[in-house]
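Student: Sharing a structure with you now.
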Amino acid sequence: MDTLATLQALGVTLPSPAYLAGSLLFGLLGYAAWRRGRSIGHAPLTWGGVALMVYPAAVDDTLLLWLLGAALGVFLALRWK
């Protein structure tokens, strides 16, 4: 039995390499921002880092993942002290 064909018949699809790379990149950047925000006591940086780490779980479109990640990244870059 072909497992991949069975999963696709059930509506389960595997993410693209670009999606996986974006999730990993934004997760690591979010973790760095979260740690920095906690260490200096800067709430917008802390919560922005949390948002950057968590949002890939809610987004399934690769383009939207990269656009939101870039927007959150710019927000965090402006808040970084």
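The values are calculated or read from the model by the stated rules, or taken from the named source; none is laboratory data. This one's a predicted model, so the numbers in the text were calculated from it and none came from an experiment. Here Cβ is always computed from backbone atoms with ideal geometry, including for glycine, and neighbour counts include all displayed protein chains. Only protein heavy atoms, including side chains, enter the accessible area calculation; ligands, DNA and RNA are left aside. Shrake-Rupley method; radii C 1.70, N 1.55, O 1.52, S 1.80 Å.
Student: Quick check for you: with a 1.4 Å probe and neighbouring chains kept, what is the accessible area per residue of the chain, in Å²? Walk me through the numbers before you get to the answer.
Tutor: Details: 5560 Å² over 81 residues.
Dividing the accessible area of the chain by its residue count gives 69 Å².
Student: At 7 Å along the Cα-to-beta-carbon direction for both L25 and I40, put a label point, then send me their distance in nm to one decimal.
Tutor: About 2.4 nm separates the two model spin labels.
Student: When the accessible area of the chain is split by element with a 1.4 Å probe, what percent falls to carbon and sulfur? Could the numbers behind the result be given before it?
Tutor: Values: 3930 of 5560 Å².
Reported share for carbon and sulfur atoms: 71 percent.
Student: Continuing with the same structure: How large is ³J(HN,Hα) for each residue in segment 58-65, as worked out from phi by the Karplus curve 6.51 cos²θ - 1.76 cosθ + 1.60 (θ = phi - 60°), to whole Hz, x for Gly and Pro?
Tutor: In residue order, the calculated couplings are 9, 10, 10, 9, 5, 4, 5, 4 Hz.
Student: Cα axis of helix 17-40 to longest principal axis of the chain: angle in degrees, 0 to 90, nearest 10?
Tutor: Helix 17-40 sits at roughly 20 degrees to that axis.
Student: Give me the extension gain from D61 to A32: residue separation times 0.36 nm, minus the current Cα-Cα distance, reported in nm with one decimal. Intermediate values should be presented prior to the final figure.
Tutor: Working: separation 29, 0.36 × 29 = 10.44 nm, distance 2.41 nm.
8.0 nm is the gain from fully extending D61 to A32.
Student: As I understand it, the value is the acute angle between the Cα axis of helix 43-54 and the longest principal axis of the Cα atoms of the chain; what does it come to in degrees, rounded to 10?
Tutor: For 43-54 against the chain, the angle is about 10 degrees.
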